Structure formats: C-alpha cells, structure tokens
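Only one structure is covered here, and it is reproduced in the block below.
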Amino acid sequence: MQRSNGLLDRRAFLVGSAGLVSATVLAGTQTKEPWRSGPGQPMSAYGSPSPYVSLKRLQITGHPLAPEAGASSTPLERLNGTLTPNSLHFERHHSGIPNIDPSRHRLQIIGRVERPQSFGYEDLLRYPMVSRILFIECSGNSYANTLPQALDKTAGELNGLFSCAEWTGIPLRLLLEEAGFDPKSDWLVAEGADAAGMNRSLPLDLALEDAMVALFQNGEPLRGEQGFPMRLLVPGCEGNLSIKWLRSVEVRKGPAHTREETSKYTDLFKNGRADQFSLRMDVKSVITNPSGQMGLPNHGVYEVSGLAWSGHGSIDSVDVSADGGSSWRRAEIQSQPGPYRPVRFRIPWRWTGQPAVLQSRASDSAGHQQPTRAEALTNSAPGLTYHYNGIQSWQVAQSGRVSNVFL
Ligand SMILES: Nc1nc2c(c(=O)[nH]1)N[C@H]1C(S)=C(S)[C@@H](COP(=O)(O)O)O[C@H]1N2
Ligand SMILES: [Mo]
C-alpha cells in the first residue's frame, strides 16, 4: 500500500467499506420531512433538473465583435457515468446557431455522382438508422494546459470541449450509394447551413467506413446547438469535421483546402513543418473526481474516477497514480468500452492528509499510451497546439484543496 500511495484494490472498498465514509447513525425517533406529508408536484411536459441541482455549461466565451461565435464547455466534474445530458453538451460555433425550419432545409449530395440527390428532413427520417455512443472533442480541447503556467480551473473548464452522447442517424455510405458516387473519387467536402458556411474535407474512405448523418442525440431530435435538423458525425475525429446544420456533401478528387484546414486546424511543429488533416483524436483521460477547485473535506477513502477515450479505437486500460507518476495502479473500467466510446474508470484511494498528485494514464486498442505533458509538447510549436492529450495532474494540498498543476 505504501508503494501505491494510498490507491486501493476495488475490493478493499467493497469488503472493508464499513466506516470509510461517515454515515450518521440512525436516530431512534425521526421527524417527518415536509415532502412526506402531502402530495408532490404534478406532471410536466418537458422535464428539468431538481431545484436542488444547478448545472451550467462553463467558460461561455464569445468574441467581442461577434458574441455568437465562441464556445462553452461541459462541466465534467459535476457529471458521472459517460453520457452528457443534451443541455450540457459543449458548444462550438463559428457564427451562432441558425434557426432552421426543417421543412425548408435540404441535404444535397453533389459532385462526382451519377444521380445528384436532395433530401428533406422527412425523407431522411424514413431511412434505416444506427445508434452509437460516441464522443465529440474539439481539437482545441485542453489548450490551456499547453500554456506556460498552469491555470487554477476546473476539470470542465480545462477539458470540457468534450462530450458524449448516443447519436442516431443514417450511415453516410447509404446516401452516397444512393447518389451513385464515383468510386475513383477520394475526398468529400461537407458544408453547413450556418452563416459561416463552415466546410471541411474528409477522406472518402473514412466517410464510407464510419460517418453518419445524425438526426437524434440521446434519444431526442438534435438540439439547435448540436446542428438541428442534421449534422455530420465522424467518429473519433476532431469535432471540426462533424459539420453541423449539414446542407451539402460534395464528392470530389482531392481535398478542398478550405479556410478551416489551412488557416486553422493544422498542427505546427517546432521545426517549422505542419501536419494538415491530422484528423483522429489521440488517447486521453481526465480524472473528474476529485479535480480542480474541489476540496477534500477530511482524511479517508475517496473514489477517484474519470473519463477516458480515444479516436484510434477503444480504451484498453487506465492506470492511476497518486504520487505524480512514480507508481501506478490499474483502475477498474466500470462501463462498456467500444470504438470511440468513452469509459468511466474508478479506483479507491485513501488520503492520509499528505500532499499528493493524482494522475490518470489511458491506453487504447491501437497500442497508444497517453503521454506526459512534457512528452506531448516535445515537438509542437509553442502557442499553436491542437490535439493536446498530455496527462492531467491534480495536486491535492495538505488543506485538501485540489488544483491544476504542471509537473
Ligand atoms: N456548420 C458548423 N459546423 C460545425 C461548427 C461550426 O461552427 N459550424 N463547429 C465545429 C467545431 S470546431 C466543433 S468542435 C464541433 C462542436 O460540436 P458541438 O457544438 O455539437 O459540441 O462542431 C463543428 N461543426
Ligand atoms: Mo472545434
């Protein structure tokens, strides 16, 4: 136990849990709480959280000249499990949320096709669909951790341009086949119906293998923020490829080198070279509990838990350290793993009151292991880092205060 710095076997929690968390001994006489003495609220048409629960998207940043262009993050530290409620899915829009009337919206399949197509929303609802639990992560996620100084922020503020939902939609392959795409083509360009007309190129192979036109998010029609009435979803790839408010897909030869893939979303290296079309998101994990700005109330056993995901496949394992990476212990993956599907990991930890640094390190089915911060930054040019996936470190001070730290 010394070597693992307080990280315990899962069974230790289950077998020896008596008294680990202080529970009030049942009193002899209990007064009747007010909610037990009469009927409660009636039904409602659309539910909302308990009045005792206040959940908010974080870091809502707009541009001073265009407040509708910006981002908001998911409060990862306030959630558990793996799914993000629709109201808290992170948002990133370049020119606000278009107010699209689905009866007037069309999705066109054009370019190198035998039969150009134009689908209405109602048409698409009749196609066979698939449902998949997938993450979306902005390639700028965790950017703050590439800066020279560690910012004292929460897990969601630092890493919450990441969310997960069960997406339901039509495999893009089906629509491309209906249009009779020219098999000698090798790229697509997808474009959105927002004022930005955001467009991105994606390799045809990738689209045929996995992409979908999503219509539902956690069971309900897409939220406006997420692309209502339809969005492209390219599993495992940077969020930017998943064009929202999708209005056209052009089949072509070669990429289009759009603004998004030239001025932005390229990875610049120290040697002056840049990677374009680095589409997949790398293996990553974040401890969400305990995490930045929390306070541990007393010494004792805590469940360390968090999220892990990879754009190269599924999560194989997650190790946790309580001593800044000197020793590691395997955490339990306590949810169903799958390709591009985040997992929830958990491990009990006894905090003795000494300063500690909590870290998690994920490995994926493609054999990649999450790098340390230093390793992740070795080759990238300062100030221009997309796809940052370095290990997140949380320092626990003697006072119990948890904060972001760079080792
Ligand atoms: N049409 C359109 N699609 C878009 C964007 C946009 O501004 N316009 N933003 C992209 C970016 S940068 C990301 S990270 C994801 C975010 O998806 P979300 O807002 O549903 O979380 O959408 C992508 N698709
Ligand atoms: Mo993004």
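The values are calculated or read from the model by the stated rules, or taken from the named source; none is laboratory data. Bear in mind the structure is a predicted one, so any value in this text is a computation, not a measurement. For neighbour counting, all protein chains shown are included, and Cβ atoms are generated from backbone atoms with ideal geometry for every residue, glycine included.
Structure data summary
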{"read-out": "Count of residues meeting criterion [at pLDDT below 95, within 12 Å of ligand 1 (Cβ to nearest atom) and out of contact with any Lys or Arg (no Cβ under 8 Å at 6 or more places or on another chain)] in region 240-261", "value": "1"}
{"read-out": "Yes/no for residue 210 being away from ligand 1 (no atom under 16 Å from the Cβ) and in contact with a Gly (Cβ under 8 Å, 6 or more places away or on another chain)", "value": "yes"}
{"read-out": "Lone unmet requirement of (1) surrounded by 18 or more Cβ atoms within 10 Å (Cβ to Cβ); (2) touching a strand residue (DSSP E or B) at 6+ places or on another chain (Cβ under 8 Å); (3) modelled with pLDDT of 95 or more; (4) of a type in the set (Gly, Ala, Ser) for residue 390", "value": "(2)"}
{"read-out": "Single residue of 71, 165 found to be more than 28 Å from residue 333 (Cα to Cα), within 11 Å of ligand 1 (Cβ to nearest atom) and in contact with a Ser or Thr (Cβ under 7 Å, 6 or more places away or on another chain)", "value": "71"}
{"read-out": "Residue that is nearest to residue 197 (Cα to Cα), among those in region 259-275 that are within 16 Å of ligand 2 (Cβ to nearest atom) and not acidic (Asp, Glu)", "value": "259"}
{"read-out": "Total residues in region 55-95, condition among the small types (Gly, Ala, Ser), out of contact with any Phe, Trp or Tyr (no Cβ under 9 Å at 6 or more places or on another chain) and modelled with pLDDT of 95 or more", "value": "2"}
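Residue-wise test of (1) over 23 Å from residue 121 (Cα atoms); (2) touching a residue at least 24 places away in the same chain (Cβ under 8 Å); (3) within 19 Å of the chain's Cα centre (by Cα); (4) surrounded by fewer than 24 Cβ atoms within 10 Å (Cβ to Cβ).
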{"site": "206", "(1), (2), (3), (4)": "yes, yes, no, yes"}
{"site": "210", "(1), (2), (3), (4)": "no, yes, yes, yes"}
{"site": "218", "(1), (2), (3), (4)": "no, yes, yes, yes"}
{"site": "224", "(1), (2), (3), (4)": "no, yes, yes, yes"}
{"site": "234", "(1), (2), (3), (4)": "no, yes, yes, no"}
{"site": "243", "(1), (2), (3), (4)": "no, yes, yes, no"}
{"site": "247", "(1), (2), (3), (4)": "no, yes, no, yes"}
{"site": "256", "(1), (2), (3), (4)": "yes, yes, no, yes"}
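To keep it simple, each residue is scored yes or no on (1) over 24 Å from the mean Cα position of the chain (by Cα); (2) surrounded by fewer than 23 Cβ atoms within 10 Å (Cβ to Cβ); (3) more than 16 Å from ligand 2 (Cβ to nearest atom); (4) not aliphatic (A, V, I, L, M).
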{"residue": "155", "(1), (2), (3), (4)": "no, no, yes, no"}
{"residue": "162", "(1), (2), (3), (4)": "no, no, no, yes"}
{"residue": "168", "(1), (2), (3), (4)": "no, yes, yes, yes"}
{"residue": "176", "(1), (2), (3), (4)": "yes, yes, yes, no"}
{"residue": "180", "(1), (2), (3), (4)": "yes, yes, yes, yes"}
{"residue": "185", "(1), (2), (3), (4)": "yes, yes, yes, yes"}
{"residue": "190", "(1), (2), (3), (4)": "no, no, no, no"}
{"residue": "193", "(1), (2), (3), (4)": "no, yes, yes, no"}
{"residue": "196", "(1), (2), (3), (4)": "no, yes, no, no"}
